[in-house]
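Following: one structure in structure tokens, then a few remarks.
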Amino acid sequence: MRILLMSRWNATCGISMHAELIGREWAKKYELKVLAPYLETAIDWYHVVIENPDENYVIRGYEQPKEKWGEGKIDDIIFEDFDIIVFEGGSHLLPIKTLLKIFPQLKGKKIYVCHDAHLRWFSEVFFKLNFDAIVVFDYRYKEMLLSKYPEEKIFIIPYPCYPIVKGDKYKLREELNIEKNKIIFFTFGRQPLNEYEDYFWLVERVKEKYNIKYLILRSSKDRNEEFPKMDVLEIRRGVPPNEVIFKYLIAADIHLIPKRKDQKDIVVSSTVLQTLGTLTPIVFPDTRYVELMNKEIVKYKDKADLEEKVIKLIEDENFRKEIIFAQEKYVKENSAEIIADKFIELFKKL
């Protein structure tokens with residue numbers, strides 16, 4: 001099977017995203033080519049960092065979301081004989097005008113993997129692209145698109161998880177220069193500081209009762225930020241590769257993920273799904289990002305609920321084990337390998 005994947009590639013916020021996870025699985029068994037945007041436009045997005053060199057099957061040749069289309073080899077590639085062409089990502093990131101011109105000439109079944117959180121994200125011309133199938137992450141996306149596509153064209157394939165990653169917590173603390181005798185809360189990423197408010201409040205509430213450290217890993221681009229003055233707060237700067245972030249997560253006791261609470265659109269948390277595999281309990285606001293998740297993470301409704309559940313994570317070993325067991329089960333059932341195979345099953349049916 002020959003597959004062309006058109007997507008942002010290696011453009012991450014520290015953790016591999018959907019296209020990379022499934023694409024690398026396809027490349028193990030099938031002939032894969034990836035058509036990606038130019039690096040200078042791929043990195044021109046909030047919280048996006050180009051982390052790794054491109055694989056030899058990756059070709060960069062267009063701007064996102066502009067309409068500059070590379071000449072020469074990119075046209076030679078996209079018009080090749082592919083069995084499947086997958087368009088991955090937000091509809092606003094694809095060169096729609098160019099695709100409209102060339103779509104009828106493209107060989108192979110055409111599939112769109114929808115990351116769009118609301119119909120307003122789409123331009124009306126996007127719906128003129130005659131896809132053979134639309135893949136969505138869950139029933140919420142499907143319901144949104146039923147007004148635009150017939151039900152038989154829409155297929156649900158869950159967002160993949162990064163595989164389980166294990167390590168020795170205390171050896172990793174020594175390697176990362178983290179205190180061995182403290183309860184470590186950890187956060188990484190570039191969320192706006194106002195989204196950290198609950199966790200700063202939590203740290204002040206529990207620091208007298210427990211020997212804690214709140215360790216935050218932030219990009220060096222944000223050095224002008226004003227963090228609250230707390231003796232248990234440590235800020236480290238940098239955007240390390242995946243394996244280093246996983247080391248931090250394994251070394252930590254609790255992974256605190258800040259996120260806006262007023263999200264009304266359909267979303268999934270890629271950060272949750274790519275870090276579940278470290279088996280460090282995740283704490284997350286009870287929002288649309290995680291509304292379809294259950295015991296795999298610890299969801300809280302307000303500050304009082306946050307304090308109660310974090311204390312339970314610290315003191316109740318059985319509760320902690322339940323969370324970790326659910327995490328491991330979810331990751332195994334939704335691994336990148338399994339999800340990539342679900343796509344292949346769909347491709348063969350089309």
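The values are calculated or read from the model by the stated rules, or taken from the named source; none is laboratory data. Quick caveat, the model's predicted, so the values are computed rather than measured. Heads up, the Cβs are rebuilt from the backbone with ideal geometry, glycines too, and the neighbour counts pull from every protein chain shown.
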Scanning segment 24-33 for residues that are free of Cβ contacts under 8 Å to residues at least 40 places away in the same chain and surrounded by 18 or more Cβ atoms within 10 Å (Cβ to Cβ), which turns out farthest from Ala336 (Cα to Cα)? Leu32
Failed condition for Val310, given (1) within 16 Å of the chain's Cα centre (by Cα); (2) closer than 28 Å to Glu204 by Cβ: (1)
Would you list the strands (runs of 3 or more DSSP E) that sit entirely within segment 130-188 and hold 3 or more residues that are in the same structural domain as Arg120 (by TED's automatic domain parsing) and surrounded by 19 or more Cβ atoms within 10 Å (Cβ to Cβ)? 133-136
Test result for Phe200, part of a strand (DSSP E or B), of a type in the set (Phe, Trp, Tyr), outside the structural domain of Lys128 (by TED's automatic domain parsing) and under 23 Å from Thr287 (Cα atoms): no
I'm trying to understand the selection: among the residues of segment 311-334, which are within 30 Å of Val113 (Cα to Cα) and either assigned to a loop (DSSP other than H, G, I, E, B) or at pLDDT below 95 (or both)? Asn334
Going through segment 315-340 in order, the residues found to be in contact (Cβ under 8 Å) with a residue 60 or more places away in the chain and either more than 28 Å from Val298 (Cβ to Cβ) or of a type in the set (Asp, Glu) (or both) are Glu328, Glu337, Ala340
Only one of (1) within 23 Å of Lys301 (Cα to Cα); (2) surrounded by 13 or more Cβ atoms within 10 Å (Cβ to Cβ) does not apply to Pro192, and that is (2)
List the pairs whose first member sits in segment 94-115 and is closer than 21 Å to Met144 by Cβ, whose second member is in a loop (DSSP other than H, G, I, E, B), and whose Cβ atoms are under 7 Å apart, counting only residues at least 6 apart or on separate chains? Ile96/Ser123; Lys110/Phe131; Lys110/Asp132; Ile111/Phe131; Ile111/Asp132; Tyr112/Phe131; His115/Gly90
